Each structure stands twice: as structure tokens, then as C-alpha cells.
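Asks: Can you read through this structure? Questions will come right after.
The values are calculated or read from the model by the stated rules, or taken from the named source; none is laboratory data. Everything numeric here is computed off the predicted structure, so don't read it as measured data. Methodologically, a virtual Cβ is constructed for each residue, glycine included, from the backbone with ideal geometry; neighbour enumeration extends over all protein chains shown. Surface areas here come from the heavy atoms of the whole protein model, side chains and all, with no ligands, DNA or RNA. Shrake-Rupley method; radii C 1.70, N 1.55, O 1.52, S 1.80 Å.
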Amino acid sequence: MTAERTRVDGRQWRATIAAAQAGDRRALDELVEGWLPLVYNIVGRALNGHADVDDVVQETMLRAVDNLGSLRDPDSFRSWLVAIAMRQIRDRARRKSADRLTEDVAHDAADFAELTVLRLQLEGQRREVAEAVRWLDDEDRQLLSLWWLEVAGELSRRELADAVGINRQHAAVRVQRMKARLETARGIVRALDGACPELRELTGRWDGRPDSVWRKRFARHIRGCAYCAEPGRAVVPAERLLVGLALVPVPVGFTLSLVFGGKTAVAATATATTVGWSAKFLGALTQPAVAVTAGATFVAGGAYVVTQTPDAPPPRAAAPTAASTARLPSSTPSAPTPSVSPSSSPSPTRTKKADPYGTVVDAVDKAPDPDTEPAALPRRPASGVTSSGGAHATMNHRGDSVTLQGQGYVLVRWQISPQYRAGSLVMPSWTGLKGKLFHVASGGGRRMDDPVSSTDTSATGMGNATTGYAVLPSGTQQMWQNEYFYVDGEVTLTVNERGADYGLNVFPSTWDKVEEDVRSGPPDGTTRYGLVRDTGKDNAPVPQYLTRATPADPATVPQRSRV
């Protein structure tokens, strides 16, 4: 299989697709053989060679083959297949939020940047671009996996936009921002290859693994360093370096197992010279035997048995508390929030009559009317809270954390910066809880999705139409500028910034300050009064993404509270 053979418009595959849809095994062989390298490159680059690459490629091709009969327009096969691959990449990210491999496993997996350099024999600035991919966040890498293929002539801009699920104008904006961050990453790669003594001293504390924290530190150093900035060096734009670049070959020994409609079963194994179906394996399917490959079992006659239990669907969000909904006028629409989904009733399995603490979690609520004054704030015992970050902890990077101990109130103030990086916002997590923690009130005069400009109607605290928006995970409660919590024990709050850029300021506070904040309303020039969530009892809301466990990576905390 050559790169030229895959660089073919989907229309030229019409006859092959039609034959495969009719059950022609040879046509199906040819179809998967021809398009497997494209899927492998998209997934491999999006996940940077993570150990899950093979599984995601497997699932993508399985879904494509299994749903081939539903494809009405063979001319759109390529964009249809790419969209399936991107969905599987995003689904994998959601599944791994609760049960993902450790960073060590990912680090030990085959690094796709390295595979790209070695297998395509890249040198100079082409090599620099491939290595810079390691420094991008997950969402940028996913977009780059498509843009790289667009520049190389494998995809069109329309197919890229369709795969991401946005229009072409928005795709152009997203690509432009990603390219800017790619250029920053290229600068880091160049600087690390240099001999700047100050940078060598800085890297003495670095473990050698690219992440957002060190990306920001290195970029900050480079901007202020005449040596690392290399003002006289001619840097070729990335798109010119990638034009006509071949696909990375599927590795020798890569195994793919598929079924089609429960009738046809095939297994493909890459060899040193081609990616073709294994006739020996096809013959085994007609024998009374069982073969196991790539996490699946083929039984005689083509039956397919998954050897892993499928992930359970994510739980639905619990309903808001009475304190957060009683003051909502039914005729008042809420402010637009693209990521908030309708709330549902609490699951019976999560209610414990004997111990009500932690039963009201992850409440998705609407914004109260601007003129609605908050309910009374219950006063809880407060002997004082100490913070590992001091009286004013500022956390701007992924991995920054603060541990709170004692009994009293705490303010967490949001600073979202879509002008630096918009996109999916990965929420902070509360881990290692000992005791109890409640989400008691929201204030600051506005929710983060409230309008913030009299001249730009698209502008909110989450972004605007020009810079893009910070988007919350589905089912997440919209933050207010100030969020107040009550601690009775010990807990750690960690920033999990990956997509959208944001920071948190954490202050020990008092009941008086919370009460003053939530009662500062429209007459004082703010957008709205605050919102009291505390019921004064153990059935008051607990924060989202809260657990008593202490995971090695707080970003792996499930997208719901577990207390």
C-alpha cells in the first residue's frame, strides 16, 4: 500500500464501497486496506502514540464496517470515516476520565512523534514540527491530526470541519489558533536543542515529559531570552513543511479484527510491505476453533465476542436543590450556556437515608432572575481554615493545587482566559476529602456566562464570537465569578487545565463576607444578586468532581462527585 493509493478522492471508491455494502468480502478487504492508514494516522497523531491507539483504530474500523450499510452517499465515505474516528477519539477521552491509563503507561507507549520522524525520515524543521506535537494539549492535537492531513493533501477543509462538528469559518479560526500554539511549541523544541545556560538550569527541575505547566514556563523564558528566541533564524511555516508528506506507515505486526453485520468476519495483519487481509486467519474462521486477536474473540462461523466489559453509560446529573431553584421565576429564561444539559431526578441508588451526606451532587441549575434576592445563608460553625497556599493562593497551571484544613468558609474565584486559549474546559477537582465539604453559595455579581460588554453582544465571561468560548463538559453546573464552599476537615483542590485557559484564586473567607457578596445586587452595579445553595443540613450540595480518594493524577477524577 503506497501513500499515493490512499490519496484518492472518495468518489473513486464508489464501486468498491457499493460492492462491500452488498457483502463482497474482497471489496471489503480492499476498502479497509485502503483506508486503514488514514485512520491510523489520525488516531495516532491525536493520541500521540498512547497505548490506546490500537484500540481506538480497532473501534473506528469496526464501527465503520458494521455501519457501512447505512452510508447513503458513497462519495462522502472519507468524511464519514474521519468523523467516526474523531468520535471514537473523543469517546475514549470521556471513558478514560474515570479509568485511564497512568501517565507512565502513556509515556512508555510508542511515541507517534518519534514514529513520524523515524518512518518518514524527517530532518531539520520537518522533524521540529513532528516533535512539537508532544507539547500540544489534547484538543489541539486532535485538530492538528486533521489539519496535518489537510495540508498533506489527504483531507479537505470541508472534511476537517465536518469531522470536528463545526462550520468552515469556525474551523479556520480554530486552526489558526492551533497553528499559533504549534509555533510556540516549535520554539520550545528549538530552544531545548540549544545551549542556553539559563534554560539548562531551568530544565534541571524538569522530568523530561512535555506538559502544559512546563510549556508555559519554557515559553515565558524564550520570550525574554535573546539567545533562545534566535531572531535571525528563518522559520518555515509548518504548512509548507507538511505539503505532500506521506502517511506514516501502519506498523509491522499491527492486528485488526472486524465483523460485518454478524455475517462476515475478517482479520487484517500488517506486513513489512503491505497492509492486507490474512487469508490464513480467514480460513480459521470456517473451522471449529476459536481465535483471539486485538482484544476480541472470533468463534467458528464469524461470531464476535468482546473480551472486555463495555463501559457503563455516565450517570445523569442530580436535580438542583430546593435552595437553588425555589427563587426561579418560571417565566424568566436563563442566560445562554452552550454546555449545560437539562437536569434529571437523582438516581435512587445514590440516596442513603441513614447517611444523607453527599446525596445532592452535580446539580445543573438555571440562573436566577437578576432582581431576585438570595435566600438566607445558614450560619455554620467556623473555627478557621488554613490553606497551604496562604491567605491568597493563585493557581494558573495544570497541577497547581492547594490543601485546605479546618472548619469554615472558602472562596474560589474563577478567572477564565479564552483570549489565550478557548475550547473545552477541564474542571478542577476536589480530592482526598477527610470530613465534609459543601457548596454553600455563588456570588461575585455574575455567572461566568452572563454578558460582560455593552458593545459586543456575544461577549460573556466564557469568551466571545471572535476569540471563541470556554465550553464546559456536558452536565456541568455553570460557575459564578465567586464560588463559596464550607470545609469541615481537609480537602485538596487541583487545577486540571488542559483545554481552555483558566486560573483560580483561593481565599479562606467568613460567613459575613459570603453574606455581603451574595446580597450585592443590581443596585450596586452588578449583573445579579448571588445565589444561596446551603440548606444548613447535610443534604446541602457538595462540589462537583469531589472524591475521598487521592488519585495520582487529579485529572482522572470521575466527572461526578463520589463521597
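Asks: Pull out all pairs, ordered by first then second residue, where Cβ-Cβ is under 6 Å, the residues are six or more apart or on different chains, the first lies in the range 379-405 and is closer than 22 Å to G536 by Cα and surrounded by 15 or more Cβ atoms within 10 Å (Cβ to Cβ), and the second is hydroxyl-bearing (S, T, Y) and modelled with pLDDT of 95 or more.
Replies: Within 6 Å, the pairs are R380/Y486.
Asks: Can you tell me how many residues in the range 403-424 are closer than 14 Å to G503 by Cα and among the aromatic types (F, W, Y)?
Replies: 2
Yes or no, residue by residue, for (1) open to solvent by less than 40 Å² (accessible area, probe 1.4 Å); (2) modelled with pLDDT under 90; (3) assigned to a loop (DSSP other than H, G, I, E, B):
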site: E516; (1), (2), (3): no, no, no
site: P523; (1), (2), (3): no, yes, no
site: A540; (1), (2), (3): yes, no, yes
site: A549; (1), (2), (3): no, no, yes
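The rows are residues; the columns are (1) modelled with pLDDT of 85 or more; (2) within 23 Å of Q88 (Cβ to Cβ); (3) among the basic types (K, R); (4) surrounded by fewer than 18 Cβ atoms within 10 Å (Cβ to Cβ).
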| position | (1), (2), (3), (4) |
| --- | --- |
| T2 | no, no, no, yes |
| R5 | no, no, yes, yes |
| D9 | no, no, no, yes |
| W13 | no, yes, no, no |
| A19 | yes, no, no, yes |
| V32 | yes, yes, no, no |
| L38 | yes, yes, no, no |
| N41 | yes, yes, no, no |
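Asks: Now for a different question. Filter the range 116-149 down to the residues that are surrounded by fewer than 20 Cβ atoms within 10 Å (Cβ to Cβ), in a helix (DSSP H, G or I) and acidic (D, E) and list them by number.
Replies: D138
Asks: Let me ask something else about it. Tell me which of these F77 doesn't satisfy, since it passes every other one: (1) surrounded by 23 or more Cβ atoms within 10 Å (Cβ to Cβ); (2) in contact with a Phe, Trp or Tyr (Cβ under 7 Å, 6 or more places away or on another chain).
Replies: (1)
Asks: While we're here: Mind listing whichever residues of the range 395-442 are of a type in the set (F, W, Y), under 20 Å from the mean Cα position of the chain (by Cα) and in a strand (DSSP E or B)?
Replies: W414, W430 - these are the residues of the range 395-442 that are of a type in the set (F, W, Y), under 20 Å from the mean Cα position of the chain (by Cα) and in a strand (DSSP E or B).
Asks: Return the residues of the range 227-247 that are open to solvent by 80 Å² or more (accessible area, probe 1.4 Å) and at pLDDT 80 or above; say none if nothing qualifies.
Replies: Y227, R240
Asks: Only one residue in V471, V452, V495 is surrounded by fewer than 21 Cβ atoms within 10 Å (Cβ to Cβ), under 24 Å from R181 (Cβ atoms) and hydrophobic (A, V, I, L, M, F, W, C), so which one is that?
Replies: Only one candidate qualifies: V471.
Asks: Hey, does the range 194-202 have a residue that's surrounded by 21 or more Cβ atoms within 10 Å (Cβ to Cβ) and touching a Leu at 6+ places or on another chain (Cβ under 9 Å)?
Replies: No, because not a single residue in the range 194-202 is surrounded by 21 or more Cβ atoms within 10 Å (Cβ to Cβ) and touching a Leu at 6+ places or on another chain (Cβ under 9 Å).
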